[in-house]
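Visitor: Quick one: the structure is below, and I'll ask about it shortly.
The values are calculated or read from the model by the stated rules, or taken from the named source; none is laboratory data. Please read all numbers here as calculations on a predicted model, not as lab measurements. So basically every Cβ, Gly included, is an ideal-geometry build from the backbone, and we count neighbours across all protein chains shown. Ligands, DNA and RNA are stripped out before the accessible areas are found, and what is left, the full protein with its side chains, is counted by its heavy atoms. Shrake-Rupley method; radii C 1.70, N 1.55, O 1.52, S 1.80 Å.
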Amino acid sequence: QSVSHPRSTVERMFCDTDTPSSAPVDPSATMPLDQLEREICEWAAQLAAGEARWLALIAELDRRKGYERWGLASCAHWLSWKCGLAPGAARERVRVARALEELPAIDATFRRGELSYSKVRALTRVATPATEHDLLELAVNATAHQLELIVRAWRRCVDADDAARARAVHAGRSLTWYHDDDGSMVGQFRLPPEEGSILVHAVEARMERPHPGDDAGAEGGPPASAAQRRADALVEAADASLGARTRVGDERTMTVIEVDLDTMTNGEPGRCQLRDGNAIAVETARRLACDSSTVVLERDATGSVVSVGNPTKSIPRGVRRALRRRDQNRCVFPGCTTSRWVEAHHIVHRAHGGSHELHNLATLCRRHHHLVHEGGFSIETHDGGRTFRFRRPDGSAIPDAGVLGPAEPDDVRGRNQAAGTVPSALTLQGGIGERLDLELTIWALGTKHLRPSDVPAGTPPPGEPAQPLPSS
């Protein structure tokens, strides 16, 4: 239940190097080639059917947001943490799992082991309930490479925009905002699709890493909604854009907070606000003070400033460099791999007497820094700051990344049979492999699912007889 130090893993690699291994002889080494090929094809179908069920479970975990109880930002981060997937592969699995919920025909074929994951992944990029049956017929008879070509060409047709409509959309772009009665900023924007996509991608990229604060409630409070996380990511993107011009060294864009010393130290009632007068939570002020400079002002009874202390840097530069090297400039929260926009956290806050020494510091991304302060999570240090233990708001420890246990080869076959699926060596449809007439294929799809003006130029005109789609 603590983060293992990388060095211990490396050291174990060189232990007992002289011990001879006695690996059992693989029976496939003496298997006839015909039987070997059948086994490979059958297992490909078994694994495809198993992966279909696995993705269905992932979709359910994602729908129920089971990852949030561990302080993770997304189902993809949970997969990366618990199942050992790379972040990009995990995000793609979640995307496919979500898409399959809207594509029952493709999902059923996948569950029977008739389609490989590669084909399903390609289909889910473009398929809709209206087109999935035709695309599925192509997928069964095309190779995976041919299907990729079909999907790319079909996407260009589906995404084609009329020039006049595009000009009208561009002319209608706008951005407005105002401040509500409670001080919140309320805004509305309208963007062309290609420009809106830039905004969406910027926000989603920061949601997936994750960088921004989660804005989750304290212990017992509701977790942050998707809309709240998008708002945090939008602020993160704006801060990154502004910071590219204003950051110097490790300094963040300046935010001035005025807080009474007794309020900061003991939580007593008092002033805790931004310079513009908007109040903030004391724990928020402590989080921001973890990695910021402070200035102590002394006031008289009338509130007038009588003395100003020298600015105090939160963490000396040498200690910060050592912290970066120890934590590899990555968030140490279990399951998080964020290495950009990380912040230094005082395990015992300096408002409570904590020091700037390395053993009292940990590197956290903004989201998990927020969870540790405002979200009710806690962190403990062990082994002189080399390992950490995190706890949820209810006090339960957050475990390390999951270790994939040993699996018996026949487990997949048995689980498929229990679900009513019995793939064989002939189940998986790899494709006929005949020459692909891409223009004819896209024309056939377009005449059925697109307006005539959207059918790509250079394809057979509707008046000419078209060859039927390849069939099994």
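Visitor: Hey, for a label at E101 modelled as a point 7 Å past Cα toward Cβ, could you say which residues of segment 54-72 have their backbone N under 19 Å away?
Guide: Counting only backbone N, you get 54-70, 72.
Visitor: Please give, to one decimal in nm, the separation of the simple spin-label points placed at N329 and E60, each 7 Å out from Cα toward the Cβ.
Guide: In this crude label model, N329 to E60 measures out at 4.2 nm.
Visitor: Let me ask something else. Enumerate the calculated ³J(HN,Hα) couplings along segment 387-392 in order (Karplus 6.51 cos²θ - 1.76 cosθ + 1.60, θ = phi - 60°), each rounded to whole Hz, writing x wherever the residue is Gly or Pro.
Guide: For segment 387-392, the Karplus curve yields 10, 9, 10, 10, 10, 6 Hz.
Visitor: Calculate the length of the line joining the C-alpha centroid of segment 114-129 to that of segment 312-346, in whole Å.
Guide: 41
Visitor: Calculate, in nm to one decimal, what S424 and E258 gain on full extension: separation in residues at 0.36 nm each, minus their alpha carbon distance. Could the numbers behind the result be given before it?
Guide: On the way: separation 166, 0.36 × 166 = 59.76 nm, distance 7.01 nm.
Full extension from S424 to E258 adds 52.7 nm.
Visitor: What is the ratio of the Cα radius of gyration of segment 48-150 to 2.2 N^0.38 Å, with N the residue count, to two decimals?
Guide: Numbers: Rg = 14.0 Å, N = 103, 2.2 N^0.38 = 12.8 Å.
Against the empirical 2.2 N^0.38 Å value, I get 1.09 for segment 48-150.
Visitor: Considering only protein heavy atoms and a 1.4 Å probe, what is the carbon-and-sulfur percentage of the accessible area of segment 77-184? Mind showing how you got there, number by number?
Guide: Details: 2920 of 5530 Å².
Carbon plus sulfur share of accessible area: 53 percent.
Visitor: Rank R415, R98 by accessible area, highest first, at a 1.4 Å probe radius? Walk me through the numbers before you get to the answer.
Guide: Values: R415 180, R98 120 Å².
Final ranking, largest accessible area leading: R415, R98.
Visitor: Starting from the Cα of F189, step 7 Å along the direction of its Cβ; do the same at E39; then give the gap between the two resulting points in nm.
Guide: Between F189 and E39, the label points sit 5.7 nm apart.
Visitor: How far apart, in nanometres, would the label points at A130 and H201 be if each is projected 7 angstrom from Cα along the Cα-to-Cβ direction?
Guide: Result: 2.6 nm between the two label points.
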